[in-house]
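Trainee: My questions will all concern the structure given below.
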Amino acid sequence: MTYMERITFNPNQCGGRPCIRGSRIRVKDVLDLVAAGISEAEILADYPDLEADDIKASLEYAAAQLDHPVLVEIR
């Protein structure tokens with residue numbers, strides 16, 4: 001399973017926001033924990049359904065969302 005296959009979308013769950021492997025754990029929740037400085041070990045202990053690769057997938061997903069082309073008008 002690639003990292004991006006771990007991120008799922010369901011319009012009937014969590015408002016269609018990206019979640020981890022069909023669970024109700026949103027990618028944003030994982031990213032907020034990482035941004036708050038919570039260690040991977042602590043996150044995994046607090047969320048036993050998560051795996052280390054889920055945290056990596058969340059980071060990869062966020063990075064992919066920021067990688068978009070910038071169009072510049074040339075005159």
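The values are calculated or read from the model by the stated rules, or taken from the named source; none is laboratory data. Here the structure is a predicted model, which is why all the values come from computation and not from measurement. In this analysis, Cβ positions are derived from the backbone assuming ideal geometry, glycine residues included, and neighbour counts consider all displayed protein chains. To get the accessible areas, we keep the full protein, side chains included, count just its heavy atoms, and leave off ligands, DNA and RNA. Shrake-Rupley method; radii C 1.70, N 1.55, O 1.52, S 1.80 Å.
Trainee: Along region 21-32, what does the Karplus equation 6.51 cos²θ - 1.76 cosθ + 1.60 (θ = phi - 60°) give for ³J(HN,Hα), rounded to whole Hz, x for Gly and Pro?
Mentor: So the Karplus estimates, Gly and Pro as x, are 6, x, 7, 8, 8, 7, 4, 4, 4, 5, 4, 4 Hz.
Trainee: Can you work out the Karplus-derived ³J(HN,Hα) for every residue in region 42-54? Use 6.51 cos²θ - 1.76 cosθ + 1.60 with θ = phi - 60°, whole Hz, and x for glycine or proline.
Mentor: For region 42-54, the Karplus curve yields 5, 4, 5, 5, 7, 10, x, 7, 7, 10, 3, 5, 5 Hz.
Trainee: Would you compute, from DSSP H runs of 4+ residues alone, the mean residue ellipticity of the chain at 222 nm, taking -39500 (n - 2.57) per run and dividing by the full residue count, rounded to the nearest 500?
Mentor: Roughly -12500 deg cm²/dmol at 222 nm, from the helical runs in the chain.
Trainee: For the chain, list log₁₀ I(q)/I(0) at each q in 0.15 Å⁻¹, using the Debye formula over Cα point scatterers of equal strength and ignoring solvent, two decimals each.
Mentor: Once normalised to I(0) and log-transformed, intensities are -0.52.
Trainee: While we're looking at this one, here's another question. Is the C-alpha gyration tensor of region 1-40 telling us rounded, prolate or oblate? Criteria: a/c under 1.5 is rounded; beyond that, a/b larger than b/c is prolate, otherwise oblate.
Mentor: Values: a/c = 3.02, a/b = 1.49, b/c = 2.03.
Judged from the Cα gyration tensor, region 1-40 comes out oblate (a/c at least 1.5, b/c at or above a/b).
Trainee: Check which residues have an amide H placed less than 5 Å from Ile7's amide H, if you skip close sequence neighbours.
Mentor: Correct list: Arg21.
Trainee: Then there's this: On the accessible surface of the chain, probed at 1.4 Å, how many percent belong to carbon and sulfur atoms?
Mentor: Details: 2920 of 5350 Å².
So the carbon and sulfur contribution to the accessible surface is 55 percent.
Trainee: Hey, another quick one. What number comes out for accessible area per residue over the chain if the probe is 1.4 Å? Units Å², please. Don't skip to the end; give the middle numbers.
Mentor: Working: 5350 Å² over 75 residues.
So the chain comes to 71 Å² accessible per residue, rounded to a whole number.
Trainee: Moving on. How big is the charge dipole of the chain about its Cα centre, in debye rounded to the nearest 20, if each Lys and Arg gets +1 on its Cβ and each Asp and Glu gets -1 on its Cβ?
Mentor: 360
Trainee: Please list, by residue number, every one of the GluC sites (Glu not before Pro) in the chain that is coil in DSSP and has at most 12 other beta-carbon atoms within 10 Å.
Mentor: Those that pass, being in a loop and sparsely packed, are Glu73.
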